[in-house]
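Let me begin by presenting the structure, written as structure tokens, before commenting on it.
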Amino acid sequence: MAASQHYVIIGNGVAGNEAASCLRAQDKDSRITLITAGRLLFYNRYELPRIFHEECDWRDFLVHEPEYYADNHIDVRRNSFVTSVDSAGKTLTLAHKESLAYDQLLVASGGGSYLPEELVESRHLLDHFNTYRAARKVEQSLPPGGRVVMLGGDVLGLDLARNLVWEDYKVTLVAADQTFWPHRPDEETRAKFLKVLEDMGMEIIDGVRPIRVEEGGKGMSARKVVLQDGRELFADVVMPFYGLSPSVDFMLGSGVDIERGLLVNPQLRTTDSSIWAAGDVCQIWSAEENSYRFYYGWKNVKHMGEIAARNMMGEDVEVDTHPDEGLRVNDKGELDSPFWEYD
């Protein structure tokens, strides 16, 4: 490997920033460019429920102070959108038509919220919690003791739901196949976990799908959810949590293998020797399971960022494909997931 490299990282989340930190710690001279579609620097999205507990603004969620990037000579390209990657020419193209060359490329673009087809037309009436701005909008839309209808209920949504219950908001969960995602409990265990959520203070509706969301009428709650059986649920906020879809559209035509996400080996290298992937965007080969699979959660994704960086610099280390991923009931009788843990 040449003495001086240009490392380009697509994605401003846990994996991308951990990789950038590791690269700079071991390589003081090479160029590092971090590209993000967002306007803010790296902040901890897992901590966003704090806005219901304390006074805080976006600065309180920053993982690194702004000076960190300048001090470490990491060039952060904010509000920049990658539209394509040319692996043969080792270049990528941004939406404003700029072309950027790389020696090693790490794709850590994460994933976007998955939405079932029957709810697509209701998209404009749904609220998310994946950015600071979205989280603040939810917080401002909820009156004291207000109601949230949560659709799906993946682990990120359930973490938010328990925080809302702690603050005396009312939460109705319309359960689905994606409830507890990415955990996949069997039917008996799923029923037990739903009962735990009920005991934690959530209203649970299971076995029926939402078919649309409407605006509430005059003098009513802001939103109405219509269920398949004709029931109507009224809420101040309706939030979908059906898991993630990897953000890989810009990689189509790049020449690397893609299934649902970018396919990588345990060293996190794609089928192109100069392109790596880490985080929610990639499926990692597991020899034990004889399949590619996703790995989620702050600790897992942070670990991937470190492993990718080390291998980009010439090491040969593998990611742990057997992390602790068990959903469990803690000593307080509440549901716990390792994906709610971070450091």
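The values are calculated or read from the model by the stated rules, or taken from the named source; none is laboratory data. All figures in this text were calculated on a predicted structure; none of them were measured in a lab. Counting neighbours? That spans all protein chains shown, and the Cβs are built from the backbone with ideal geometry, glycine included.
Overview of values
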quantity	calculated
Top-ranked residue in the stretch 151-162 [being more than 14 Å from Glu203 (Cα to Cα) and in contact with a helix residue (DSSP H, G or I) (Cβ under 9 Å, 6 or more places away or on another chain); ranked as surrounded by the fewest Cβ atoms within 10 Å (Cβ to Cβ)]	Asp159
Whichever residue in the stretch 50-88 is out of contact with any Lys or Arg (no Cβ under 9 Å at 6 or more places or on another chain) and among the aliphatic types (A, V, I, L, M) and, among such residues, is farthest from Val138 (Cα to Cα)	Ala88
Unique residue being crowded, with 20+ Cβ neighbours inside 10 Å and part of a helix (DSSP H, G or I) when the list is Val148, Val165, Val138	Val138
Any chance Arg190 is of a type outside the set (Gly, Ala, Ser), free of Cβ contacts under 8 Å to residues at least 12 places away in the same chain and within 30 Å of Ile35 (Cβ to Cβ)	no
Residues of the stretch 223-245 satisfying the condition of being at negative phi and either modelled with pLDDT under 95 or basic (Lys, Arg) (or both)	Arg223, Lys224, Arg231, Leu244, Ser245
Subset of the stretch 99-122 (residues that are free of Cβ contacts under 8 Å to residues at least 60 places away in the same chain and exposed (fewer than 11 other Cβ atoms within 10 Å of the Cβ))	Glu117, Val120
Wholly within the stretch 205-284, strands (runs of 3 or more DSSP E) carrying at least 1 residues that are surrounded by fewer than 19 Cβ atoms within 10 Å (Cβ to Cβ) and not basic (Lys, Arg)	210-215, 223-227, 232-235, 244-246, 262-264
Total residues in the stretch 89-123, condition among the small types (Gly, Ala, Ser) and assigned to a strand (DSSP E or B)	5
Search result, residues across the stretch 104-128 that are at pLDDT 95 or above, under 30 Å from Thr33 (Cα atoms) and touching a Leu at 6+ places or on another chain (Cβ under 8 Å)	Leu105, Val107
Among (1) exposed (fewer than 15 other Cβ atoms within 10 Å of the Cβ); (2) of a type outside the set (S, T, N, Q); (3) over 24 Å from Arg310 (Cα atoms) - the single one Leu48 does not satisfy	(1)
Meets criteria (closer than 23 Å to Ala309 by Cβ and of a type in the set (Gly, Ala, Ser)) for Ala101	yes
Tally, over the stretch 1-31, of residues that are hydrophobic (A, V, I, L, M, F, W, C) and surrounded by fewer than 24 Cβ atoms within 10 Å (Cβ to Cβ)	5
